[in-house]
Amino acid sequence: MSTPRSASTAAPPLLIVLSGPSGVGKDAVLARMRESGRPYHFTVTATTRPRRPMERDGVDYIFLPKDVFRQRIEMGEFLEWAEVYGNLYGVPRAQVAQALRDGLDVIVKADVQGAATIKKLAPEAVFIFLAPPDMAELARRLTERLTESPQTLRNRLRTAESEMRRATEFDHVVVNRHGGLDEAMAEIERVAALERRRTPPRRVFL
């Protein structure tokens, strides 16, 4: 379980936004960080997409019917939300705000569009773009998932090419190579350590 740092000795908690194209391995990297006991609050994204085998409600995602999701949009309960390939995704605002108040560094997973929305609301967050080594590797990962139709797969790859061109909008770029989850995790840790030593410190207000 994450433990808040001493308020008297620690820098303000970080809000880290991890983004990148579909299939780059955001979920896999975050799962490895959780398994390793990294001291972060890992925000659970809400979605209306069907649950995949082995996914756990409330752990991997918060799975909601579309009508419930839209009610929460109207109530302003999401830090950001977007419709992606016909499904809705959103980051619960209260979950993020509470963790920051508790002194915990928070990691939010968002697509590139969602990261841009969060940047408008919380420009002092740390924005990390998770990138594949090349587009051929990304295409291989998406194909091996076997979760999309051929047309959806083509759409994802076209979108990914566009998203890759936006990597320069992020504070840091981390490459997730094949079999390199530990290396990607270590690089994210290095970025976080660097940002904690930043002067003046980043202070996020939600």
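Structural remarks
- Annotation: amide H-H contacts under 5 Å for F127 (H modelled 1.01 Å from N, sequence separation of 5 or more, or interchain): V17, D171, H172.
- If both residues of a DSSP beta bridge must be in the chain, then about 30% of such bridges are antiparallel.
- Spatial separation of Cα centroids for the range 148-206 and the range 67-91, in angstrom: 22
- Using the Karplus relation 6.51 cos²θ - 1.76 cosθ + 1.60 with θ = phi - 60°, the per-residue 3J(HN,Hα) values for the range 90-98 come to x, 9, x, 4, 4, 4, 5, 4, 5 Hz, with x marking Gly and Pro.
- Put simply, the amide H of V84, placed in the peptide plane, has neighbours under 5 Å in Y89, leaving out anything fewer than 5 places away on its chain.
- The residues of the chain have, on average, 52 Å² of accessible surface per residue, using a 1.4 Å probe with all protein chains present.
- Solvent-accessible area, 1.4 Å probe, carbon plus sulfur percent, for the chain: 54
- Once each of the chymotrypsin sites (Phe, Trp or Tyr not before Pro) sitting in a DSSP loop with at most 15 other beta-carbon atoms within 10 Å is removed, the chain keeps 86-204 as its longest stretch.
The values are calculated or read from the model by the stated rules, or taken from the named source; none is laboratory data. Quick caveat: nothing in here was measured; it's all calculated off a predicted structure. Positions of Cβ are generated from backbone atoms using ideal geometry, with glycine treated the same way; all protein chains shown enter the neighbour counts. These accessible areas exclude ligands, DNA and RNA; they are computed on the full protein's heavy atoms, side chains included. Shrake-Rupley method; radii C 1.70, N 1.55, O 1.52, S 1.80 Å.
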